[in-house]
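Reading through the structure tokens given below for one structure.
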Amino acid sequence: DGLILASTGAPSMNRASLLAQLEVPVVLVDRAMEGLGYDAVLLDNRRAGLEATRHLIECGHRRIALVNGPEVLRTAADRLSGYREALLAAGLPFDPQLVRDAGFRAEPATAALGELLDVPDPPSAVLSANSLMTIGVMKALADRGLSCPRDMSVAGIDDLPWANAVSPGLTVMAQPVRQMGEAALALLAGRIAGSLAGPGTATVMPPRLIVRRSCGVLASGAIDHAD
């Protein structure tokens, strides 16, 4: 009767045209698909990038790397936009050398952080733009025998079930996953019942900063944060 879709991969007009042929209501979750007119329930990805980077800056970091997805994806582009906005607001330069596209996957993120550790002036902190890449980032540090947050602070976007069970606990921007699912189902039920009509709408939900110990605090920072 209806479909809730969380799309992955690069945009494809072929897949979009196939989706358009469905004769049932569709609600998109996590990523919108332009031009189809469907309802969508999305995270405020710009805000996620902004608040995570701002937190790292407040901890005293000035060289902050971003391990991100491909900019052709709106999710990654918005998280990059928030990262840049936070740097600008703090009077810090945006250095493209500190941004790496790891395709939202773990193994490329491990390689990406390895590259960042080898630049002449390596970052003291890294923002990982999704949970799989956070795993890859932590593996890269372990492979080098480095400690978080002593050698590098880490913040991530997306909470993990074990994020507060590891040492140090991971600081993350959590998505309101349950609320997003409930909102998507309510929209779909309205479309199926006919009580909701007209063009598709975008429901954008805020992330929530969960501060644990993975970001540390440099000498110029303020206080330590408990799990």
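General remarks:
- Taking Gln21, Gln179, Gln97 in turn, the Gaussian network model of the chain (Cα-Cα springs below 10 Å) assigns the largest fluctuation to Gln21.
- GNM top mover of Leu127, Leu92, Leu116 - the chain, alpha-carbon springs below 10 Å: Leu92
- Within the listed set Leu66, Leu56, Leu185, the residue fluctuating most in the Gaussian network model of the chain (springs between alpha-carbon atoms under 10 angstrom) is Leu185.
- Förster-model FRET efficiency, 25 Å R0, Asp121 and Leu88, C-beta, rounded to 0.05: 0.80
- A simple charge model with +1 on the Cβ of Lys and Arg, -1 on the Cβ of Asp and Glu and nothing else charged puts the dipole of the stretch 81-206 at about 360 debye relative to its Cα centre.
- Accessible surface ranking for Thr8, Thr203, Thr134, 1.4 angstrom probe, highest first: Thr8, Thr203, Thr134.
- The relative contact order of the stretch 1-133 comes to 24 percent, based on Cα pairs under 8 Å that sit 6 or more residues apart.
- Protein accessible area in the chain, 1.4 Å probe - carbon and sulfur %: 55 percent
- Stokes-Einstein diffusion coefficient of the chain, Kirkwood radius over Cα pairs, 37 °C, 0.692 mPa s, in µm²/s: 178 µm²/s
- DSSP beta bridges fully contained in the chain are about 10 percent antiparallel.
- Longest stretch of the chain clear of exposed loop sites (GluC sites (Glu not before Pro), DSSP loop, at most 15 other Cβ atoms within 10 Å, sites excluded): 72-227.
- A 1.4 Å probe run over the protein chains yields, for the stretch 123-227, 49 Å² of accessible area per residue, whole-number rounding.
The values are calculated or read from the model by the stated rules, or taken from the named source; none is laboratory data. The structure presented is a predicted model; accordingly, all values stated were derived computationally and were not measured. All Cβ positions, glycine included, derive from the backbone under ideal geometry; neighbour counts span all protein chains shown. These area figures cover heavy atoms from the full protein model, side chains too; ligands, DNA and RNA do not enter into them. Shrake-Rupley method; radii C 1.70, N 1.55, O 1.52, S 1.80 Å.
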